[in-house]
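Visitor: Have a look at this one before I ask anything.
The values are calculated or read from the model by the stated rules, or taken from the named source; none is laboratory data. Since this is a predicted model, take the numbers as computed values, not measurements. Cβ: placed from backbone, ideal geometry, glycine included. Neighbour counts: every protein chain shown. Each accessible area value is taken on the protein alone, full model and side chains, heavy atoms only, with ligands, DNA and RNA left out. Shrake-Rupley method; radii C 1.70, N 1.55, O 1.52, S 1.80 Å.
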Amino acid sequence: VGIVKCSPDRGLLVSESMLLALEELIQVCCAEDEGVPVVLVCGPKNTGKSTFNRYLINLLLNRLPSVEYMECDIGQTEFTPPGCVSLSNVTEPILGPPFTHQQTPRKMVYYGQTSCEQDTERYLDVVKYVFSSYKKEVPLVINTMGWVKGEGLLLLIDIIRLLSPSHIVQMDVYDWKAMAPLTPEYVHLTPGLYTKGKQQAKCKQMGMSGVGSWKSSEGEEDASAPEYKLLYVHPEFPRAGVAVHSGILRDMSILGYLGQLQSPDIGAVLPLHSLVPYQVPFNAVALRVIHTDVAPTNIMYAVNASWVGLCRIPDEIRCQTDGPVLLTQTPVCDCLGFGIVRGVEMEKKLYHVLTPVPPENLRLVNCLLLGNIAVPNCVFVGQQGVEGEIPYVTSDYNYSILGSGKLKKKKHFKRREYAFECDYT
Amino acid sequence: MPLAVDCTAELIRCKVLDSSGRLKSHELILSYGLALVRFVNLITERKQKMVSIPLRQLAREVDIPIWVVDLRHELTHGKLPRLALCRKGCDVVLEWLRKTYWSRQLGNNLCEESEDEEEEQEGVEANAELDNDAWEIRTPQHEACQKHKEFHEKVRDVLISYKNEQFRVMQTVQSVSKSRELWSDSSSEVDWILAQIKDLMQENRETVAEALLSDGFLIPKMDCLKMLNIKYEANKEVWQFKIPQTFYCFWQPLLTGLLSRSFTQILIEKMFMELKECSDSSELRPQFLINWISEMLTGIAKVNAGKKRQHCNKQVSTKELFLHKVPLQWIRLTDNCLEAPCWATPHLLQLILTIMRPRLPRSSRKNLLYLASVYTEGGGPLSSPGLSSDCSEQPIYTIESLQWRARQENQVKNQGQTVEKQEDVLERDDGVEEVEEEEEEMVTETNPLEGLAHSGNVVAIAEKRAALQGSAWQITADEVRWKDFPLGKLPGQTDDPDGLMLDNYSMMSLLDQPVRDEWKSPNTNSAELNVPVTGGLLWTQNDFHKIKSGLQLF
């Protein structure tokens with residue numbers, strides 16, 4: 001406690017290229033005549049995308065009443081817990097890390113994971129769905145993921161084609177080494193993951209066989225030539241490109257969201273498990289585990305004490321028995337909020353859910369989605385006043401026993417000089 | 001998830017699949033095979049060093065039978081072995097896992113861990129392996145500790161002898177005011193003591209500073225003050241940042257001899273550090289610390305300014321602490337000062353900023369002082385309650401003033417309500433305290449807001465119930481003591497591991513899903529699902545195929 005002097009490089013360092021880009025964008029956004037700009041920000045991890053976005057939005061809010069922000073980075077979300085693609089209307093300046101300003105977006109879909117590698121198709125569906133609710137009235141700032149290698153780059157190209165931004169801000173630390181400059185021509189010609197560029201269409205016309213149903217399209221182009229302005233930003237702060245503990249930030253966003261469960265007065269902080277949960281019968285909500293396969297009979301073990309997205313599917317829940325209703329596929333649907341399944345009551349067939357979603361919205365929830373976003377460990381470990389064993393918490397774990405560690409990917413070792421690494425001698 | 005748990009799960013799955021009789025032997029061999037290969041690879045991977053060591057050797061180290069390693073080789077590079085061999089391998093490996101991992105882990109717990117196959121819990125702590133050496137008593141450190149103690153004792157002895165000497169002098173004249181004069185005259189006794197201390201300082205300055213600042217010397221004990229006829233009040237304003245004259249004169253001869261440039265730096269820094277440790281600044285110790293710092297800084301200011309000594313005026317006694325200029329490391333001192341915030345910080349900071357050369361730019365000085373005063377006078381826990389009247393006008397800068405403001409507002413609300421003061425409640429953040437850097441300990445004083453929160457809660461619940469009228473979501477009407485049950489456990493739930501198994505459920509598929517027309521593939525097999533609103537055919541043939549392919553049967 002106290003005031004500590006920090007070195008100058010701990011402050012916000014705005015490089016010249018960043019300033020130029022900001023100036024141009026502000027000018028465009030404030031100009032009334034040319035329609036509403038859509039700014040897409042992309043670049044590798046830890047290059048300052050989030051900082052750029054916040055700074056840009058804060059500067060714009062000096063001149064405009066509101067700005068819209070679309071979050072496509074499911075691993076580092078700004079206004080929501082992780083794992084969501086969302087569209088928010090921003091009217092207040094952003095002055096701190098995400099966990100200090102959790103707010104309810106205009107539109108949100110719970111993707112369920114912090115990386116979309118497993119199911120890029122569904123990711124694009126989700127992005128499209130959220131984007132469809134953007135009314136072109138105010139400028140839009142779009143944040144994308146830091147995954148720009150290999151498949152990630154192709155995905156980014158698809159997103160660019162899908163969202164048709166008017167400006168793209170590309171951030172890179174080492175002068176185009178991480179990714180090629182995304183000029184309109186480049187994007188026009190390069191194939192994306194699910195969309196094709198111009199050249200590929202030409203190849204089709206020459207009669208080469210296409211692979212896969214998405215990519216084979218007789219002589220049609222997927223997108224007309226995109227038109228946007230590419231702004232290049234070279235961040236110059238120390239440790240640019242160095243990984244940061246994104247896992248911790250995610251946990252804190254969840255905690256920030258759960259903070260809404262506490263009363264607004266500055267009183268005692270009540271432990272989570274002492275709060276009164278909501279209850280809902282099994283047959284009123286549909287359940288789906290997004291990221292993995294779970295045998296239906298065991299699904300309650302997965303659901304119990306888990307982080308769930310409270311969603312609304314347009315269908316009515318149909319069930320033949322009084323047991324839980326399980327969905328066969330993961331829907332792309334509105335997510336109204338999040339909660340923790342406080343318990344599952346098998347006799348009365350009730351889910352007990354702790355959530356800060358207001359009751360008026362809660363009554364619309366008819367779908368619980370379970371992803372691989374987990375409740376932070378400190379929530380479980382910090383439970384006090386409980387007798388006996390706490391579920392999902394263990395003590396006395398011995399890390400020195402062989403096999404106690406996590407699965408870790410190790411770097412490849414130097415092989416010995418012999419041809420075989422296995423020894424048959 | 002721990003490796004061992006993963007491997008065990010995979011092998012058990014194979015066994016279950018085997019006994020269910022649904023797979024043919026070839027598929028079973030493939031399943032067992034992969035599980036066994038993964039087991040061998042992953043378990044031995046941890047022990048691999050920079051250059052790869054033969055697997056056989058690694059396996060030997062951990063007690064895995066060699067033929068299991070051979071089996072792995074066959075599975076990856078050779079012909080697929082027979083099913084019986086795979087089964088045997090699986091059994092042996094499971095036995096190994098049980099012996100090496102499960103019994104040892106569970107032996108540490110009294111109850112079983114609950115397995116969480118579906119829930120991916122991230123690694124709780126880093127994979128630090130216990131270092132056996134940590135448990136041995138570190139003998140070299142122990143020795144160093146002893147030496148330090150002895151040295152400290154030595155210094156104390158010398159300081160005690162100084163005190164005794166000064167008291168003896170006082171005794172001879174029987175008057176406190178006269179002794180002040182006497183003390184400043186140099187005596188051979190004092191010189192000798194000074195020499196001793198200087199000697200000790202050669203060895204270890206820090207310890208000398210520590211000793212000086214321990215109770216009984218520069219920070220007096222109550223009886224000491226009595227003997228010197230100094231009245232002590234708990235009000236910090238009374239001495240106006242000065243040390244009482246008698247006490248000052250008591251110690252001045254010694255200090256003047258000791259306060260070289262480097263020792264001064266050390267002493268002042270130590271004083272700030274001690275100040276940081278003090279929690280309540282109206283006590284004796286912090287008061288004296290603050291006043292000593294103030295005195296010393298003022299003395300430095302005087303001598304650094306180079307005022308000519310007024311030879312003619314004999315009234316000016318040579319009772320200065322500093323005889324020569326003292327250039328100190330001012331930035332460090334500023335840091336130390338700021339790290340020990342208390343009510344006196346603005347004053348001390350002002351002193352430092354005035355004396356320091358080279359000076360900080362004017363704006364920085366102004367800002368620092370302003371920041372310090374906001375921080376320390378804005379209703380911090382160390383400020384006296386007398387300042388609270390200012391808080392209502394000041395904007396909110398600290399957590400304490402926020403709480404104070406909220407309390408004021410609530411008190412206004414409750415005029416006329418009798419609020420029962422509840423006893424100290426253990427407040428618990430949901431782990432937020434661990435991760436936020438500057439979070440001070442939540443003050444667990446009697447909190448009249450606690451009772452408010454409860455009654456507010458009841459009202460809130462009633463409101464929520466009203467809002468949920470007629471929907472499937474409800475709030476339970478039963479009185480449940482939720483705080484007795486941790487997350488995941490409900491009242492009436494047994495510890496039966498089969499407790500959450502389902503005996504019936506229904507599957508539902510979705511009719512309406514996002515249209516993928518952006519991809520413009522005229523290929524009709526991947527057609528979109530269009531649900532016609534009006535009557536007629538509900539699904540086209542293609543839709544039907546899509547639905548069927550989307551179904552997953554268990």
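Visitor: If packing is taken as the mean number of other Cβ atoms within 10 Å per residue, what is the order of B:71-81, A:47-57, B:330-340, B:357-367, highest first?
Guide: A:47-57, B:330-340, B:71-81, B:357-367
Visitor: What does the extension gain come out to for residue B:184 and residue B:226, with contour length at 0.36 nm per residue minus their alpha carbon separation?
Guide: 13.0 nm
Visitor: Quick check on my link table: of B:154/B:325; B:154/B:221; B:149/B:325; B:325/B:366, which ones sit more than 24 Å apart, alpha carbon to alpha carbon?
Guide: Correct reply: B:154/B:325; B:149/B:325; B:325/B:366.
Visitor: Pairs A:136/B:464; A:49/A:107; A:128/B:464; B:99/B:483: which are spaced more than 27 Å apart, C-alpha to C-alpha?
Guide: A:136/B:464; A:128/B:464; B:99/B:483
Visitor: What is the average number of partner chain Cβ atoms found within 10 Å of a Cβ in A:278-291?
Guide: 3
Visitor: How far apart, in nm, are two points set 7 Å out from the Cα along the Cα-to-Cβ line at residue B:367 and at residue A:118?
Guide: 4.8 nm
Visitor: Which order do peptides B:150-157, A:152-159, B:94-101, B:254-261 fall in by mean Cβ count within 10 Å, highest first?
Guide: Top of the packing list down: A:152-159, B:254-261, B:94-101, B:150-157.
Visitor: To the nearest 0.05, what FRET efficiency results for residue A:185 and residue B:324 with a Förster distance of 60 Å applied to their C-beta separation?
Guide: Efficiency for this residue pair is about 0.20.
Visitor: Still on this structure, please answer the following. Given R₀ = 35 Å, what would the calculated FRET efficiency be for residue A:297 paired with residue B:57, taking r from the Cβ atoms and rounding to 0.05?
Guide: Computed FRET efficiency for residue A:297 and residue B:57: 0.20.
Visitor: Efficiency by 1/(1 + (r/R0)^6): what FRET value for residue B:350 and residue A:229, r their Cβ-Cβ distance, R0 = 35 Å, to the nearest 0.05?
Guide: 0.05
Visitor: Continuing with the same structure: Taking every residue in B:330-336, how many Cβ atoms of other protein chains lie within 10 Å of its Cβ, on average?
Guide: Mean partner-chain Cβ count within 10 Å for B:330-336: 1.
Visitor: Over the Cα atoms of the range A:105-163, how large are the radius of gyration and the largest Cα-Cα distance (Dmax), in Å?
Guide: 11.9, 35
Visitor: Going by amide H atoms built from the backbone, whose H comes under 5 Å of the H on residue A:230, apart from near neighbours?
Guide: Close amide H contacts, sequence-distant or interchain: A:168.
Visitor: Length gain on complete extension for the stretch residue B:176 to residue B:483, per 0.36 nm per residue less the alpha carbon to alpha carbon distance?
Guide: That pair, residue B:176 and residue B:483, stretches by 104.0 nm at full extension.
Visitor: Given a 1.4 Å probe and heavy atoms of the protein chains only, how would you sort A:378, A:319, largest accessible area at the top?
Guide: Ranking A:378, A:319 by accessible area, largest first, yields A:319, A:378.
Visitor: Using θ = phi - 60° and the Karplus relation 6.51 cos²θ - 1.76 cosθ + 1.60, list the HN-Hα couplings for the range A:144-158 in order, rounded to whole Hz, with x at every Gly or Pro.
Guide: Result, ordered by residue: 10, 6, x, 8, 10, 10, x, 4, x, 5, 4, 4, 4, 5, 4 Hz.
Visitor: Evaluate peptide A:253-260: per residue, the Cβ atoms of other protein chains within 10 Å of its Cβ; return the mean as an integer.
Guide: Shielding by partners across A:253-260 averages 2.
Visitor: So, one more: Sorted by packing (mean other beta-carbon atoms within 10 Å per residue), highest first, where do A:275-283, B:225-233 land?
Guide: By packing density, highest mean first, the sequence is A:275-283, B:225-233.
Visitor: Right, next: Checking an interface number: how much accessible area is buried between A and B, summed over both chains, with a 1.4 Å probe, in Å² rounded to 100?
Guide: Summing both sides, the interface buries roughly 12200 Å².
Visitor: With a probe of 1.4 Å, find how much accessible area the range A:1-134 has per residue, and write the answer as a whole number in Å².
Guide: 41 Å²
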